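Everything on this sheet refers to the single structure shown next.
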Amino acid sequence: MATKIYIDQGHNPENPNAGAEGNGLREQTVTYRVGQELAELLRADPDFEVRLSRPTPTTALGTSNSTSLQARVNDANAWGADYFISIHTNASDNPDASGVEAFSYTRPSRAFSLGEAIVEQLAASTGLRDRGMKVRPGLYVLRRTNMPAVLVEIGFISNPADAALMDSNPQLFARGIYNGIVEYLG
């Protein structure tokens with residue numbers, strides 16, 4: 001039976017719940033593109049079934065930040081996803097901050113192990129610094145999903161080099177996440 005992967009492309013096209021901006025890019029646009037590329041890779045592999053939180057560029061979820069997050073989690077839970085992967089871009093006041101990191105609800109856990117594989121493979125495919133796997137039990141999408149969930153910060157939108165790479169080559173980020181999923185699942 002195929003493993004069901006729920007891809008949450010972080011944030012909405014507009015508020016409520018629009019994302020960070022930097023270097024002429026918007027987080028919600030980057031996460032949408034990377035999510036679409038990741039879905040293509042997963043759909044080409046008979047071992048996976050895929051659902052996207054934002055199947056179209058104009059898909060908006062919820063009427064506030066909290067209902068936007070609820071809609072994503074409820075959709076994944078109702079679908080019976082085996083894994084939940086939320087894609088985001090990081091941001092910092094320091095434009096030199098760079099790299100890939102991810103979060104899970106707890107450690108040790110299947111989600112933490114999946115996140116470690118994703119971060120390792122993302123860093124390998126993009127050449128960005130591996131900032132590691134961390135625990136963030138306060139994040140709604142990690143706390144309320146019924147399946148192992150990982151929130152991946154694929155790079156810093158506030159860093160000119162990270163942002164340029166995300167803009168020019170979303171496939172590279174999708175490939176890194178895909179490779180991490182495949183490595184974790186063996």
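Readers should treat all values here as calculations from the given coordinates under stated rules, not as data from a laboratory. The structure presented is a predicted model; accordingly, all values stated were derived computationally and were not measured. Positions of Cβ are generated from backbone atoms using ideal geometry, with glycine treated the same way; all protein chains shown enter the neighbour counts.
Tabulated results
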| read-out | value |
| --- | --- |
| Estimated 222 nm signal from helices in the chain, with DSSP H stretches of n ≥ 4 weighted -39500 (n - 2.57), rounded to 500 | -13500 deg cm²/dmol |
| Cα-only Debye scattering, the stretch 35-186: base-10 log of I(q)/I(0) at q = 0.15, 0.19 Å⁻¹ | -0.78, -1.28 |
| The stretch 44-79 versus the stretch 8-35: alpha-carbon centroid distance in Å | 14 Å |
| Inter-label distance, nm, simple model (7 Å from Cα along the C-beta direction), LYS134/LEU185 | 2.8 nm |
| Added length on full extension, which subtracts the Cα-Cα distance from 0.36 nm per residue, SER109 to GLU21 | 28.5 nm |
| Difference of contour (0.36 nm per residue) and Cα-Cα distance, ASN65 to ASN94 | 7.9 nm |
